[in-house]
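The values are calculated or read from the model by the stated rules, or taken from the named source; none is laboratory data. If you're wondering where the values come from, they're calculated on a predicted model, not measured in any experiment. Neighbour counts run over all protein chains shown; Cβ positions are idealised from the backbone, glycine included. Calculation scope for accessible area: heavy atoms of the full protein, side chains included, ligands and nucleic acids excluded. Shrake-Rupley method; radii C 1.70, N 1.55, O 1.52, S 1.80 Å.
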Amino acid sequence: MDEKALSGRLPERDRPWVMRTYAGHSSAAATNALFRRNLTKGQTGLSVAFDLPTQTGYDPDHELATGEVGRVGVPVAHLGDMRALFDGIPLADMNTSMTINAPAMWLLALYGTVGTEQGAELARCAGTTQNDIIKEYLSRGTHIFPPAASLRLTADVIAYTLREMPRWNPVNICSYHLQEAGATPVQEVGFALSTAVAVLDTVRDSGQVPAERMGDVVQRISFFVNSGVRFVEEIAKMRAFGALWDEITRERYGVADPKQRRFRYGVQVNSLGLTEAQPENNIQRIVLEMLGVTLSRDARARAVQLPAWNEALGLPRPWDQQWSLRMQQVLAYESDLLEYPDIFEGSHVMTALVDGIVAGARGELEKVLELGGVVAAVETGYLKSALVASLAERRRRIEAGSDVVVGVNRFTETEPSPLTAAGAEAVEQVDPAVEAAATASVRRWRAGRDDAAVDAALARLRADAATTTNLMPATLGCVRARVTTGEWAGALRQVFGEYRAPTGLAAAAGAGGGSALAAVRRRVAGTARELGSGRLRLLVGKPGLDGHSNGAEQIAVRARDAGFEVVYQGIRLTAGQIVAAAVEEDVDLVGLSVLSGSHLAAVPAVLDGLRAAGRPDLPVVVGGIIPAGDAEKLRAAGVARVFTPKDFALTGIIDELVTVVREANGLT
């Protein structure tokens with residue numbers, strides 16, 4: 001017996017997973033340059049971040065796009081932008097992941113067209129469109145259309161890629177954002193698999209795929225998961241995911257081939273778990289979270305992308321992304337991880353953990369199916385309420401100190417960090433001229449095309465959308481006619497309508513507070529009496545296209561627990577809508593939540609609107625990922641308070657909101 005067999009090592013070292021960094025900002029040309037640099041550093045796949053207007057189907061010159069263009073990703077408004085994004089990058093040889101959902105069909109059509117222009121065979125193109133709309137209703141907020149129409153688009157993409165792009169993953173079921181929204185491991189697995197069942201049922205029932213080819217569909221379904229710092233539990237979660245996926249695809253869809261039933265996933269570790277306080281601690285968090293999806297060979301990720309240490313501060317720089325890439329490379333190439341079989345095989349501890357998650361997740365899946373499936377569970381608010389309640393409980397544990405976050409609620413004494421000594425230079429800055437350039441570009445694009453061809457292409461898209469015809473051919477026709485992202489989505493909005501998902505607040509139970517919350521409740525009631533009103537009223541607003549509503553919802557829940565009457569209308573509101581609601585509801589305070597970086601555009605627009613409406617006296621507070629320099633600008637513009645991720649104690653924040661109301665009304 002050779003030395004490797006005696007040592008328990010594999011005959012040959014495993015190949016590493018695909019290594020990506022999530023990248024995209026400002027413009028297609030700038031992002032292309034970033035892609036090229038990352039590829040020269042050893043990155044083995046691309047992961048494209050699109051800006052919020054692109055993700056929600058708006059062109060850069062739309063009112064809702066103001067302040068959002070190029071901030072959290074790259075703007076892609078038309079075929080010319082997609083050409084520039086991949087200029088000089090051979091798509092036939094690339095594995096590209098695109099974080100795009102509601103307009104996934106459109107972006108895939110643009111991508112495939114550019115690949116064809118490069119001379120690539122579509123059948124060779126490999127990659128993934130995220131294309132999971134369910135989690136958008138629950139956590140991320142970039143949905144456009146109602147659930148049934150959205151699932152129809154997903155099924156159409158799956159049927160198209162099965163024929164034309166067999167190496168493409170047409171949907172990436174995302175549990176990542178469910179964990180960020182509060183899901184426990186059991187909920188994360190159960191809710192994500194409920195989505196997968198809904199997608200597969202829709203494909204099966206659409207009549208576009210023969211029953212004997214469902215195995216081919218299943219083997220191209222991938223998952224995108226979150227990995228938290230409790231990495232032992234994360235390992236168990238991934239093994240549970242694989243076991244349940246094998247069971248569901250075998251029993252519900254009759255997939256006999258074990259290779260087709262294999263659980264395939266990529267991962268981004270927990271970005272929202274990173275802290276603004278002592279941000280150097282984020283490095284060890286990222287490493288531990290990476291271990292949760294790499295240590296177990298039988299449940300190892302196919303692709304990994306890591307956040308940067310400074311994502312709680314702002315947009316990472318190229319050097320920050322390089323640091324995260326090097327973490328993966330050190331683990332894959334310097335350590336001996338890839339030399340051994342699964343090191344947890346036969347572990348009684350791991351088996352018990354996995355069995356517990358499997359049983360709990362199976363119960364969650366059965367509950368969703370009893371409700372009528374995941375669409376019904378979204379529309380009734382069941383899933384959203386469950387997540388809001390879970391996140392409230394997690395926040396309660398952090399505030400109580402039973403869950404320790406180093407540098408935040410324990411071990412807060414610190415030396416000044418050299419990583420942040422440069423202030424705003426510690427993160428990437430987006431040039432304000434980017435938005436103007438993108439706006440001018442899309443208008444030039446529209447001016448240089450055949451309007452009759454555009455009208456005909458959009459008319460065909462609307463006509464096909466009113467039937468059960470697969471919409472990919474009409475979408476490709478729109479690409480060739482030089483239609484824009486906003487026009488494509490706008491045509492489907494006319495047919496399908498738009499959807500406002502339940503907020504989950506009505507059924508969510510507040511958690512925690514104790515004596516501190518009781519004291520704040522007395523202040524709220526006392527202030528209302530002094531003002532001669534029945535209750536203090538707080539408007540929580542999400543201006544612009546930022547759909548990450550977890551923080552806003554937690555503030556709303558805790559404020560309601562403290563005795564405020566809370567007005568919360570959900571995400572994606574214009575400044576005018578927020579001002580109108582504030583005036584109509586006669587609120588005492590407006591709280592704005594902005595996490596996309598558009599605060600310097602979105603917040604002044606609300607302040608200006610309140611002045612124009614005759615309410616310059618109405619106090620406004622802001623929460624979000626806001627650098628210190630920007631916070632000073634907001635306060636100078638008239639904002640009463642600025643809260644950032646370091647302000648983790650929700651009850652303390654609500655207490656400060658009472659103080660703001662009292663100050664605004666001249667109460668001592």
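Of the residues screened, THR54 is not one that is within 29 Å of ARG326 (Cα to Cα) and in contact (Cβ under 8 Å) with a residue 40 or more places away in the chain. All of (1) of a type in the set (S, T, N, Q); (2) assigned to a helix (DSSP H, G or I); (3) in contact with a Ser or Thr (Cβ under 9 Å, 6 or more places away or on another chain); (4) open to solvent by less than 10 Å² (accessible area, probe 1.4 Å) hold for GLN187 with one exception: (4).
Taking (1) more than 26 Å from PHE648 (Cβ to Cβ); (2) buried (at least 23 other Cβ atoms within 10 Å of the Cβ); (3) in contact with a Pro (Cβ under 8 Å, 6 or more places away or on another chain) in turn, ASP246 satisfies each apart from (2). Among the numbered criteria (1) open to solvent by 10 Å² or more (accessible area, probe 1.4 Å); (2) touching a His at 6+ places or on another chain (Cβ under 8 Å), which one does PRO90 miss? Here PRO90 clears every test but (2).
Report yes if PRO473 is open to solvent by less than 60 Å² (accessible area, probe 1.4 Å) and out of contact with any helix residue (DSSP H, G or I) (no Cβ under 6 Å at 6 or more places or on another chain), otherwise no. Judged against the criteria, PRO473 is a match. Filtering segment 520-564 to residues that are over 24 Å from VAL594 (Cα atoms), of a type in the set (D, E, K, R) and not in a helix (DSSP H, G or I) leaves only ARG535. Looking at ASP403, is it closer than 27 Å to ARG285 by Cα and at pLDDT 90 or above? Criteria met by ASP403. The set of residues in segment 116-156 that are open to solvent by 30 Å² or more (accessible area, probe 1.4 Å) and charged (D, E, K, R) comprises GLU117, GLU121, ARG124, ARG152. For first residues located in segment 520-537 and open to solvent by 50 Å² or more (accessible area, probe 1.4 Å), partners that are part of a helix (DSSP H, G or I) and lie 6+ apart or on another chain with Cβ distances below 7 Å form the pairs ARG523/ASP655; ARG523/VAL658; GLY534/ALA528; ARG535/ALA528. Filtering segment 130-156 to residues that are closer than 28 Å to ALA240 by Cα, more than 14 Å from the chain's Cα centre (by Cα) and of a type outside the set (Gly, Ala, Ser) leaves PRO147, LEU151, THR154. Within segment 356-374, is there a residue that is within 21 Å of VAL197 (Cβ to Cβ), outside any helix (DSSP H, G or I) and open to solvent by 20 Å² or more (accessible area, probe 1.4 Å)? Yes; the residues of segment 356-374 include at least one that is within 21 Å of VAL197 (Cβ to Cβ), outside any helix (DSSP H, G or I) and open to solvent by 20 Å² or more (accessible area, probe 1.4 Å).
Assessment of segment 120-129 against the conditions (over 26 Å from GLY490 (Cα atoms), within 19 Å of the chain's Cα centre (by Cα) and of a type outside the set (S, T, N, Q)) yields at least one matching residue. Of everything in segment 503-515, what is out of contact with any Gly (no Cβ under 8 Å at 6 or more places or on another chain), hydrophobic (A, V, I, L, M, F, W, C) and at pLDDT 55 or above? Give them in sequence order. Answer for segment 503-515, where residues must be out of contact with any Gly (no Cβ under 8 Å at 6 or more places or on another chain), hydrophobic (A, V, I, L, M, F, W, C) and at pLDDT 55 or above: just LEU505. When the residues of segment 335-355 are filtered to those that are open to solvent by 40 Å² or more (accessible area, probe 1.4 Å) and either part of a helix (DSSP H, G or I) or in contact with a strand residue (DSSP E or B) (Cβ under 9 Å, 6 or more places away or on another chain) (or both), the one that is nearest to ARG297 (Cα to Cα) is GLU339.
Whenever a residue of segment 117-132 is closer than 18 Å to LEU151 by Cβ, its partners that are in a loop (DSSP other than H, G, I, E, B) and of a type outside the set (Val, Ile, Thr), lying with C-beta atoms within less than 7 angstrom and at least six residues away or across chains, give the pairs THR129/PRO170; GLN130/ASN101; ASN131/ASN101; ASN131/PRO170; ASP132/ASN101. Taking segment 48-63 as the range and being open to solvent by less than 20 Å² (accessible area, probe 1.4 Å) and assigned to a helix (DSSP H, G or I) as the test, the residues that pass are LEU52, PRO53, THR54, GLN55. Looking at segment 566-587, which of its residues are outside any helix (DSSP H, G or I) and in contact with a Leu (Cβ under 7 Å, 6 or more places away or on another chain)? Hits for segment 566-587 are VAL566, VAL567, TYR568, ARG572, THR574, GLU585, VAL587.
Restricting segment 202-230 to residues that are of a type in the set (D, E, K, R) and more than 23 Å from GLY266 (Cα to Cα), the residue that is most open to solvent (accessible area, probe 1.4 Å) is GLU212. Please indicate, with yes or no, whether at least one residue in segment 335-348 is farther than 30 Å from PHE35 by Cα and of a type in the set (A, V, I, L, M). Checked against the condition, which is being farther than 30 Å from PHE35 by Cα and of a type in the set (A, V, I, L, M), segment 335-348 yields at least one hit.
Exactly one residue out of VAL430, VAL404 is closer than 28 Å to SER139 by Cα, among the hydrophobic types (A, V, I, L, M, F, W, C) and open to solvent by 60 Å² or more (accessible area, probe 1.4 Å), and it is VAL404.
Scanning segment 289-319 for residues that are part of a helix (DSSP H, G or I) and either surrounded by fewer than 21 Cβ atoms within 10 Å (Cβ to Cβ) or aromatic (Phe, Trp, Tyr) (or both) yields LEU291, ARG297, ASP298, PRO318, TRP319. Could you please let me know if VAL378 is assigned to a loop (DSSP other than H, G, I, E, B), open to solvent by less than 60 Å² (accessible area, probe 1.4 Å) and under 30 Å from VAL74 (Cα atoms)? No: the conditions fail for VAL378.
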